[in-house]
Each structure stands twice: as structure tokens, then as C-alpha cells.
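Here is the structure we will look at, set down as C-alpha cells.
The values are calculated or read from the model by the stated rules, or taken from the named source; none is laboratory data. Here the structure is a predicted model, which means the values were calculated and not measured. Glycine gets a Cβ as well: all are built from the backbone with ideal geometry, and neighbour counts include every protein chain shown.
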Amino acid sequence: MFHKFGQPPLYLFHMGNNRISTHFRKQLGVNVGTLREERGLTQAALALRANVDRSYVNKIENARVNPTIDKMVQLADGLGVPITALFHGLDQLPPSETVAYDYETIRVPR
């Protein structure tokens, strides 16, 4: 739907800062690796228990993928921990990242 002047309205959308996503991936990888090592598991053993590929476990631990919630549930199950254990340390972002935002103006039709 267009407004009375025939053009779609302008909206400002917060475009998530990639540094926050990188921080998330890195911390998640550290958490998975630490939990895996504490349980004496290899990446291959965790992959087998979580029903994922070994290379996928490696990519998570090295912050090269953004796992889905389903994959995180599988990993948590494979590690024998609640899914919240994978998020340890993610409640606080580094101070330099809490105020860094990118904004982009885009046209959205109604």
C-alpha cells in the first residue's frame, strides 16, 4: 500500500552489526569446544552423538558457520547439556560492540 503521494513510506531498519554476529559465533565455538573437551570427546565422537558431520563441529568451533537452533539443540543433546550451556558468556557483549550499530534506509511497500 502506498501513502497519498504514491510512494512507499521510508522506514529505518536496524541492520545487525556483523561484529556482534562474529562475537556470538566465536563464543559459541569456544563453548562447544570446551564442553566437548571436558567430556573427553573428539570432534568425530561429538558429531556422531549429535548426528552432524565432523567437519560441521569443526566449523562451529572455529566460528565459520552460523548454526541453526535445530543444530544447536542437536549439539547440546550430543554433549548432554541443556542448550543454555552453549550460550554461556553471551549475555555480555564487549563494551565497544554494545553501541556499534549500522542503519540503512530502505523503502518498504505497505
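Among the residues examined, Val52 qualifies as at pLDDT 95 or above and surrounded by 10 or more Cβ atoms within 10 Å (Cβ to Cβ). Scanning the stretch 57-90 for residues being assigned to a loop (DSSP other than H, G, I, E, B), hydrophobic (A, V, I, L, M, F, W, C) and at pLDDT 95 or above gives a total of 1. As for the stretch 18-32, it holds no residue that is at pLDDT below 90, among the aromatic types (Phe, Trp, Tyr) and exposed (fewer than 14 other Cβ atoms within 10 Å of the Cβ).
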